[in-house]
Structures are given as structure tokens and as C-alpha cells.
1. Looking only at the range 164-176, decide whether some residue is within 21 Å of residue 254 (Cα to Cα) and among the hydroxyl-bearing types (Ser, Thr, Tyr).
2. Taking the range 104-160 as the region of interest, how many residues are closer than 30 Å to residue 261 by Cα, of a type outside the set (A, V, I, L, M) and either at pLDDT 90 or above or touching a Gly at 6+ places or on another chain (Cβ under 9 Å) (or both)?
3. Would you be able to tell me the number of residues in the range 39-58 that are under 16 Å from residue 110 (Cβ atoms) and basic (Lys, Arg)?
4. Consider residue 269 against the criteria (1) at pLDDT 80 or above; (2) more than 21 Å from residue 215 (Cα to Cα): it satisfies all of them except one. Which criterion is unmet?
5. Just name the residue that is modelled with the lowest pLDDT out of those in the range 57-88 that are buried (at least 16 other Cβ atoms within 10 Å of the Cβ) and among the polar types (S, T, N, Q).
6. Pick out the one residue from 102, 54, 21, 98 that is without any contact (Cβ under 8 Å) to a residue 40 or more places away in the chain and either buried (at least 16 other Cβ atoms within 10 Å of the Cβ) or of a type in the set (Asp, Glu) (or both).
7. Residues that are loosely packed, with under 11 Cβ neighbours inside 10 Å and either closer than 30 Å to residue 70 by Cβ or modelled with pLDDT of 80 or more (or both): does the range 318-325 have at least one?
8. Criterion first (farther than 30 Å from residue 263 by Cβ, at pLDDT 80 or above and either touching a helix residue (DSSP H, G or I) at 6+ places or on another chain (Cβ under 7 Å) or outside any helix (DSSP H, G or I) (or both)) does residue 184 satisfy it?
Amino acid sequence: MEAVFLILQFKWSAFGRPIYTGLLSLSLLLAINYSLSTAYLLPLLRSRVSWRQTCGWIWQSFLLLNAAPLLACEYWQFHTQGARVYCSSFFRLFDLLTLSATYASLALRFFLREDEQDLRTLYHLLSALASWLLWAKLIVYLRGFTETGPLIRMIAQIVKDTRFFLVVLAVSVVGFSNCLYMLFQEDIEREDAQGVDSPIRTSYGSLFHTALVLFAALNSNLDYQPFNASNFRVLASLIYLFYCVCNTIILLNLLIALMGDSYDKIQENAQAQGRYEQAVSVLEIEAMLPQRILQDPCFFPRWVQVLRPKPGTDGGLIQDAGDQWSGRLRQIYKKIEQSEKRLSQDIEGYFDVAGAEGKEGAERKLVEKKGLAQRMTTLEDNVEGLQAKLDQVLALLQSAVQEVDTTDDEAEDEHRTSG
């Protein structure tokens, strides 16, 4: 895995970052230029002053030239990857839709007339769509950078995890909207018959407007004046309170919990998620490169040799990320691993000490046993020596007794002879 990270970093620094930074700069310039043109370009093109019209057409030409490199990149990817692979990527289709809306709105500027209302309406719709898509396109290029890549992944993960929650929220909002809409219909009909203009029609005159009002009420943005003007103000207030309990208190807190869980899942492996987005960006860039660059050993060498310091030192290619914040779950895992490591070290140390003490005790007992054996041997030798001496004493006593007996016998014999 470390080798993959090193190769990815080499490719990113060799050709990925320069190309991606250039595309990001072109997209940012196009977004700014297009946004300014929607406000100031049409007045220049309609001006009766010739130099203003000239400036307007120059500006229009610059916009077309600004978008041309991005369109060329999309065409080259479509040509090299094929229609099936190209259309399988959501971001590629997003880029294609952005450039299509941009060029279509720019082309309509050549045909706009004051009396063609339908064409002007289409132009305004395409301009609004293109303006938003151009700024959203910048998010696509932010995926390649390790600082912003995890954030893009986090947004995508949150959208994916909350899709069913949004369905539940939509059902709840539509249900309460229909309830309040039908409740206020009698007030609207009564005021229409009286010819009175009331705030009830403005907020609750249609089901769509009622749903917008209740959706805005999720942010505590609600006008209570229609409730006060209604004949069912008590019932309507109770329904709204029940809506606040169900949606604002329960569902929104559930949404916060889901987002927090998604955030923890991405932040737990933030570095790996950032590397993943960077790898996808590098592969997309490689698909745009011509064959002569793909065969260039400066960008695609056969071997990559890396010199890096020990993990944790500044300036290394791969630094120790143990001290970096990686989310609550990662911190909990880290604390558990540290606790397990300390506990394991304590247990190993305890067994080492116990083993050492046991070894020393065994050696001490062995020494004591050897000393006892030596003492027993010495004692046996002493006993044997004492037994030998006792045997000698007994032998001497026996000889002395025999001598005494012999002397007594001789004395009796002499006494008998003399008598």
C-alpha cells in the first residue's frame, strides 16, 4: 500500500497537479467571466454606441475561447475512452451538461431580439442553469487535492446515507401541507366572496405554496398572521405544533445524527479517501494524455526510487498521521489500541518478572539443594568416621575386658595353688 501511495504521489506531482490546476483555473475564470456577462454583457450588445458594441462582441468571443479548452478536453476523453466508458462517469456527464448549457446560452445571445419573448425566456433558463453548473463544476476539480478530496467524498456519502430520510421528510411535509391547505380553503373562499385580500391566499393559496411555507418553517421561518386570520386558528395552531414536534424536533435531529455518522465514517479514513479521489483524478488525466507523453520516461518511468526519512519527520513523503485528528471513531480506536498495547506490555512485564523470579527461585533452590547434598555427604562421612571410631573403641573395650578376665583367672589359680 505504501508503494501505491508513493507512485500516486509521483504521478500527481509530475503531471497531475499542473494539469488539474490549469483546468481548475480555466473553470474558475469561465465561471467568473460568465457570471459577470449575465449582468453586463447584454446591455453592451444592445447599446447604440459602436465602441460599446465592439467591447461586447470582444467579451463574447473571449467567453467562447475561454470555454474551448474545457470542451476540447471533454471531446478528447470521449474519443480516447469511448462512449460507454465516458457515459459511465457521473462527473463526465456533469461536465458535458455544463459546457452544453454554457455554449447554448452563449449562442442564443446572437439571436436575442426585444420582441421574441419565448427565445428570451429560454435564454434566461439556460443562463440560470449554466451559471449554477459552472460554479458547481469547480467541486469536480477540487476532488484531486488531498485537502478537499475527503470533503467531496463526505458530501457524496451524506447524500447517499440520507436519501431515504429525505423521502420520509418529503412525505411528512406533503402530508401536513395538504392538511393545512384544505383547512384554509374555507377561509379563502369566504374572503373571495367578500372581496377581501387576505394573507391566507398568499401563503396557503395552493398546495405548492403551502409545502414551501412548511419547508421554510423547518428553519423557524413562519408567518403567524394567516393563523390569526383563520376561523380554525386553534386547530391550525395545534396541527402546526404537531408538525414542529414530528419534523423540526424528531426528524431534523435524526438528520443530524445520520450526518454525524457519515462524517465519522469518512473522517475515520480521511487520508485514504483523499488518496482515492486523487487516484481517480490521475486516471482521468492519464486518459487525456497523448501517446507520446504516455511513453515519456520522465512522466512514466520504469522504476521509481524514493528516499524518505523516518515516519513522523518533517518533509517526508509519508508522515506519521498518528497525531492528526481523524474523527471521533478513529480517536476511540486509537485510545483502545493504546490501552491494549499498555495492558499487553504490563502483562508481558509481569510475566517477565514472574519468570525471572521463578528462575532465580529455582536456581536458589538448586543451590540450596546442592549445598544440602554436600552437607549430607559430609554428615555421612562424619557418621562413617564416627562409626569407625566407635568400632575401634568397642574393639579396645573388648580387648580390655578379655585382659581383665584373663587377669582374674590367673589370680584365682594362684590363690588355689597357695591354699
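1. Step one: filter the range 164-176 for residues within 21 Å of residue 254 (Cα to Cα), giving 164-176.
Within this subset, residues satisfying the condition of being among the hydroxyl-bearing types (Ser, Thr, Tyr) are 172.
Yes.
2. Narrowing the range 104-160 to residues closer than 30 Å to residue 261 by Cα: 132-133, 135-160.
Narrowing the set further to residues that are of a type outside the set (A, V, I, L, M) leaves 132, 135, 137, 141, 143-150, 153, 157, 160.
Narrowing further to those that are either at pLDDT 90 or above or touching a Gly at 6+ places or on another chain (Cβ under 9 Å) (or both): 132, 135, 143-150, 153.
Here the count works out to 11.
3. Going through the range 39-58 one residue at a time, the tally reaches 1.
4. Condition (1) is where residue 269 drops out.
5. Here the residue is 81.
6. Working: 102 fails: without any contact (Cβ under 8 Å) to a residue 40 or more places away in the chain; 54 fails: either buried (at least 16 other Cβ atoms within 10 Å of the Cβ) or of a type in the set (Asp, Glu) (or both); 21 fails: either buried (at least 16 other Cβ atoms within 10 Å of the Cβ) or of a type in the set (Asp, Glu) (or both).
So the residue among 102, 54, 21, 98 that is without any contact (Cβ under 8 Å) to a residue 40 or more places away in the chain and either buried (at least 16 other Cβ atoms within 10 Å of the Cβ) or of a type in the set (Asp, Glu) (or both) is 98.
7. The answer is no; no qualifying residue exists.
8. On the way: farther than 30 Å from residue 263 by Cβ: yes; at pLDDT 80 or above: yes; either touching a helix residue (DSSP H, G or I) at 6+ places or on another chain (Cβ under 7 Å) or outside any helix (DSSP H, G or I) (or both): yes.
Spelling it out, residue 184 is indeed farther than 30 Å from residue 263 by Cβ, at pLDDT 80 or above and either touching a helix residue (DSSP H, G or I) at 6+ places or on another chain (Cβ under 7 Å) or outside any helix (DSSP H, G or I) (or both).
The values are calculated or read from the model by the stated rules, or taken from the named source; none is laboratory data. Computed from a predicted model, the values in this text were never measured in an experiment. Heads up, the Cβs are rebuilt from the backbone with ideal geometry, glycines too, and the neighbour counts pull from every protein chain shown.
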